[in-house]
Amino acid sequence: MRRDIFQAIADPTRRAILVLIAAQAMTPNSLAEHFDTTRQAVSKHLRILTECELVKQEYQGREIYYQLEVNKMKEIDKWLGQFRKIWEDSFNQLDNVLSKLKSNKK
């Protein structure tokens, strides 16, 4: 089943997992130590992130390490980039209005 990336990253626990594995690959057990939840719950979050291709698995012996799928994160960043320009323009317009109001008060 293909999941929606934005629904996946809407969950704060999954965002925290992404932050943790951005620094280094981690096992589900090592990830679970950072949360007040069960290992099974962390595994479910990892499954969702894997299905969205935001993380990938690497087997090292009997251990599974999860690491960030950088190219997928770049896709998200590229998509969001189109809105950054709009937001920046809006903030700049607001700054200009506030500056004019401030100068008119003097």
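Read-outs: derived from the displayed coordinates by stated rules, not from any lab. Worth saying up front: this structure is predicted, and the values here are computed from it rather than measured. Glycine also receives a Cβ, built like all others from the backbone with ideal geometry; neighbour counts cover every protein chain displayed.
Looking at the chain as a GNM with Cα springs under 10 Å, which of Thr50, Thr27, Thr38 has the largest mean-square fluctuation?
Among Thr50, Thr27, Thr38, the largest GNM mean-square fluctuation belongs to Thr38.
Between Thr38 and Phe6, what length comes free when the chain is fully extended (0.36 nm per residue of separation minus the Cα-Cα distance, one decimal in nm)?
Extra length from Thr38 to Phe6 when fully extended: 9.1 nm.
What angle, in degrees between 0 and 90 and rounded to the nearest 10, separates the Cα long axis of helix 70-105 from the longest principal axis of the Cα atoms of the chain?
20 degrees
About its Cα centre, how strong a charge dipole does segment 1-68 have in debye, to the nearest 20, once Lys and Arg get +1 and Asp and Glu get -1 at the Cβ?
Here segment 1-68 has a charge dipole of around 140 debye.
Between Leu54, Asn92, Ala16, whose Cα lies farthest towards the positive end of the dipole of the chain when Lys and Arg beta carbons carry +1 and Asp and Glu beta carbons carry -1, centred on the Cα centre?
Of the candidates, Asn92 comes out farthest on the positive side.
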